[in-house]
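Input: a single structure, listed below in structure tokens.
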Amino acid sequence: MRWLTDPLSAPFMQRALLTALALSIAGGLLGVWIVLRRLAFFAHAVGSATFPGLVVAGPWGIAPQLAALVAGLGFAGLLTRVTRSGATSSDAATGLLLAGALALGSVLASDVYRSGAGVDRLLFGTLLGLGDADVWLALAVALVAAAATAALARTWLATGFDPAAARALGVPAGRGDWLLLALLAATVVAVLPAVGALLVSTLLVVPAATARLLTSSLGSLLATSVALAAAESVTGLLLAYHLDLPPGPAIALVGGAVFALAALAAAAPWRRGARARVAA
Amino acid sequence: MSAPAREPAARLEVAGLAAAYGASAPALREVTFAAHAGQAIAVLGSNGGGKTTLFRALLGELPPVTGTVAIAGTTAYVPQTERSRLDFPVSALDVALMGAYARTRWYRRVAAADRALARAALERVGLGEQVAERFGALSGGQRQRVLVARALVQDAAVLLLDEPFAGVDAMSEDAIMRILDELRAEGRVLLIATHDIEQARRWDRVLCLRGEQIAYGPPAQTLTTAVLEATYGAEIVLLDDGTRAVAVQHHAH
């Protein structure tokens, strides 16, 4: 029991747990839409695309969260623009813009501002050293993600199910998509300080992808995804505290292990009959 | 098979319509026809001939470059089922309920009356037993019937059906044919995009498109060798000395 309660007495751990739970709500809910709409690469790319914003934040004297948010939203906006004509596929455009953003960030970091701090924050995150702004941002995106899922679930479901038919159903498909990408960018920015850019999928993709193996209705998918994200990040944090591991990678490893177990369970012989019936 | 004569007012009236994607040249020009309550119109043409463009213009997704579209009531689109994501976590009922999304305010749940309506619509297309089945697990024909049920929930006055019989088993084909006849009897207008010239002869009117309107009228008078050749160009194969025709489609996408 002390194994559980000891960490909770430390203020920095309370702050980390609160943030992790808030991010689990945001990441778990939006993760379902990321997985259903095949936006995992986009989510990953937005994280890395905040790089130039983080590099200039210090020298320009702006909050890193704000700089990252502007860079992330700019990335999402540019992507929508590039793919609108249909000439460039979404994943090719994402790769293109991702390379551009990383290159710009590297040039700025090495030649212009000689800054190493932005790079550290970008890559690794610091769940055990969060500032007030990080905690507030996490709580804000949790609230907005919950509200948006309640208000827009039907739009996102119908648009993802069949984009060509969605408008004919009277669903605001274009506005819904734009809002989803913007909200995703904001959530990625909120997740960055916790797990780092290279591991945003830990909270935004892994729990939802695991839930997808276990359940097949939208409501239970959303609930399972949030519950898995919360359980995995709390477990990862406790392991990090006791074993002196970096928290982001610890959460990522727990999430990966849970996914592997779920995949094994889904493929188990006693479930194969049920799956075959569904697929027939 | 002829349209009820007692309702003279056109439900759907298209006059001098041209539609384009963005700033490019019109993909479809000079379309003029009127459909009365209860009429079913086969829309013929090769791929890229303008069937999809016409549907999108009728749905209001492509504003007319020139001309007008007047529709009394709502328009529903019944897409081909392979266009939808079969791995989505939606049941047959969930898909039918999408027909009620337009009248559901964003902060409310779908109304109980609409849920009852969706169940009744699925019942009507013969899928009362499959309400809770995952959409992707149904057969192609059953999925097509779910999409027709969704249009019923929309209570559309005009239904645009994209190849409703493509890849459909015989039982579903009968069920779809029966429900389409019922919809005509209720005074709804059906536009049925099809590659099947024989099937087109079954409906009240045919509309032949090839970038522009080639012909419009009752099948017997309209589906002449000359019209079919103008519609399909080299893709047409005439059988039995020109009394039967088969369009050879090259699916390039």
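The values are calculated or read from the model by the stated rules, or taken from the named source; none is laboratory data. Keep in mind the model is a prediction, meaning the values are calculated, not measured. A quick note on method: Cβ atoms are made from the backbone with ideal geometry, for glycine too, and the neighbour counts reach across all protein chains shown.
With the checklist (1) at pLDDT 90 or above; (2) away from chain B (no Cβ under 14 Å); (3) surrounded by fewer than 24 Cβ atoms within 10 Å (Cβ to Cβ) in hand, flag the one item residue A:179 doesn't pass. In the conditions (1) at pLDDT 90 or above; (2) away from chain B (no Cβ under 14 Å); (3) surrounded by fewer than 24 Cβ atoms within 10 Å (Cβ to Cβ), residue A:179 misses (2) alone. Residues of the range A:141-153 that are under 25 Å from residue B:151 (Cα atoms) and either crowded, with 23+ Cβ neighbours inside 10 Å or more than 9 Å from chain B (Cβ to nearest Cβ) (or both): A:153 alone. For residue B:44, state whether it is within 13 Å of another protein chain (Cβ to nearest Cβ) and of a type in the set (A, V, I, L, M). No, not satisfied. Looking only at the range B:136-175, which residues are assigned to a helix (DSSP H, G or I), under 12 Å from the mean Cα position of the chain (by Cα) and over 17 Å from residue B:74 (Cα atoms)? Once the filter is applied, which keeps residues that are assigned to a helix (DSSP H, G or I), under 12 Å from the mean Cα position of the chain (by Cα) and over 17 Å from residue B:74 (Cα atoms), the range B:136-175 yields only B:144.
All conditions but one from (1) surrounded by fewer than 21 Cβ atoms within 10 Å (Cβ to Cβ); (2) at pLDDT 90 or above; (3) of a type in the set (A, V, I, L, M); (4) over 15 Å from residue A:204 (Cβ atoms) apply to residue A:40; the one that does not is (4). Scanning the range B:67-98 for residues that are of a type outside the set (Lys, Arg), closer than 15 Å to residue B:145 by Cα, facing chain A (nearest Cβ under 10 Å) and touching an Asp or Glu at 6+ places or on another chain (Cβ under 8 Å) yields B:77, B:78, B:79, B:80, B:84, B:91, B:97. Of the listed requirements (1) in the same structural domain as residue B:13 (by TED's automatic domain parsing); (2) in contact (Cβ under 8 Å) with a residue 12 or more places away in the chain; (3) surrounded by fewer than 19 Cβ atoms within 10 Å (Cβ to Cβ), residue B:131 misses just one: (1).
Residues that are more than 24 Å from residue A:232 (Cα to Cα) and either in contact with an Asp or Glu (Cβ under 7 Å, 6 or more places away or on another chain) or buried (at least 21 other Cβ atoms within 10 Å of the Cβ) (or both) do occur in the range A:115-133, at least one of them. Of everything listed in (1) more than 14 Å from chain B (Cβ to nearest Cβ); (2) within 22 Å of residue A:77 (Cβ to Cβ), the single unmet condition for residue A:195 is (2). Every condition in (1) out of contact with any Asp or Glu (no Cβ under 7 Å at 6 or more places or on another chain); (2) among the hydroxyl-bearing types (Ser, Thr, Tyr); (3) within 14 Å of another protein chain (Cβ to nearest Cβ) holds for residue B:32 except the one numbered (3). Just to check your reading of the model, which residue among A:166, A:260, A:208, A:250 is without any contact (Cβ under 8 Å) to a residue 24 or more places away in the chain and within 14 Å of chain B (Cβ to nearest Cβ)? Criteria check complete, one pass: A:166. Residue B:119 meets each of the listed conditions (1) in contact (Cβ under 8 Å) with a residue 24 or more places away in the chain; (2) over 15 Å from residue B:74 (Cβ atoms); (3) within 14 Å of chain A (Cβ to nearest Cβ); (4) over 21 Å from the mean Cα position of the chain (by Cα) apart from (3). Taking residue A:215, is it among the polar types (S, T, N, Q) and buried (at least 24 other Cβ atoms within 10 Å of the Cβ)? For residue A:215, the condition - among the polar types (S, T, N, Q) and buried (at least 24 other Cβ atoms within 10 Å of the Cβ) - is not met. Among the residues of the range B:151-168, those identified as under 19 Å from residue B:95 (Cβ atoms), surrounded by fewer than 22 Cβ atoms within 10 Å (Cβ to Cβ) and within 14 Å of chain A (Cβ to nearest Cβ) are B:155, B:163. Against the list (1) surrounded by fewer than 21 Cβ atoms within 10 Å (Cβ to Cβ); (2) assigned to a helix (DSSP H, G or I); (3) touching a Pro at 6+ places or on another chain (Cβ under 6 Å), the condition residue A:242 fails is (3).
Could you list all residues from the range A:84-105 that are free of Cβ contacts under 8 Å to residues at least 40 places away in the same chain, surrounded by 13 or more Cβ atoms within 10 Å (Cβ to Cβ) and not hydrophobic (A, V, I, L, M, F, W, C)?
Here is the first cut: in the range A:84-105, the ones free of Cβ contacts under 8 Å to residues at least 40 places away in the same chain are A:84-89, A:92-93, A:96, A:99-100, A:103.
Adding the requirement that they be surrounded by 13 or more Cβ atoms within 10 Å (Cβ to Cβ) leaves A:88, A:93, A:96, A:99-100.
Listed by number, the residues that qualify are A:88, A:100.
Of the listed requirements (1) modelled with pLDDT of 90 or more; (2) surrounded by 17 or more Cβ atoms within 10 Å (Cβ to Cβ), residue B:34 misses just one: (2).
Tell me whether the range A:76-83 contains one or more residues that are under 17 Å from residue A:189 (Cβ atoms) and crowded, with 20+ Cβ neighbours inside 10 Å.
At the first step, the residues of the range A:76-83 found to be under 17 Å from residue A:189 (Cβ atoms) are A:76-79.
From what's left, crowded, with 20+ Cβ neighbours inside 10 Å: A:76, A:79.
Yes, some residue in the range A:76-83 is under 17 Å from residue A:189 (Cβ atoms) and crowded, with 20+ Cβ neighbours inside 10 Å.
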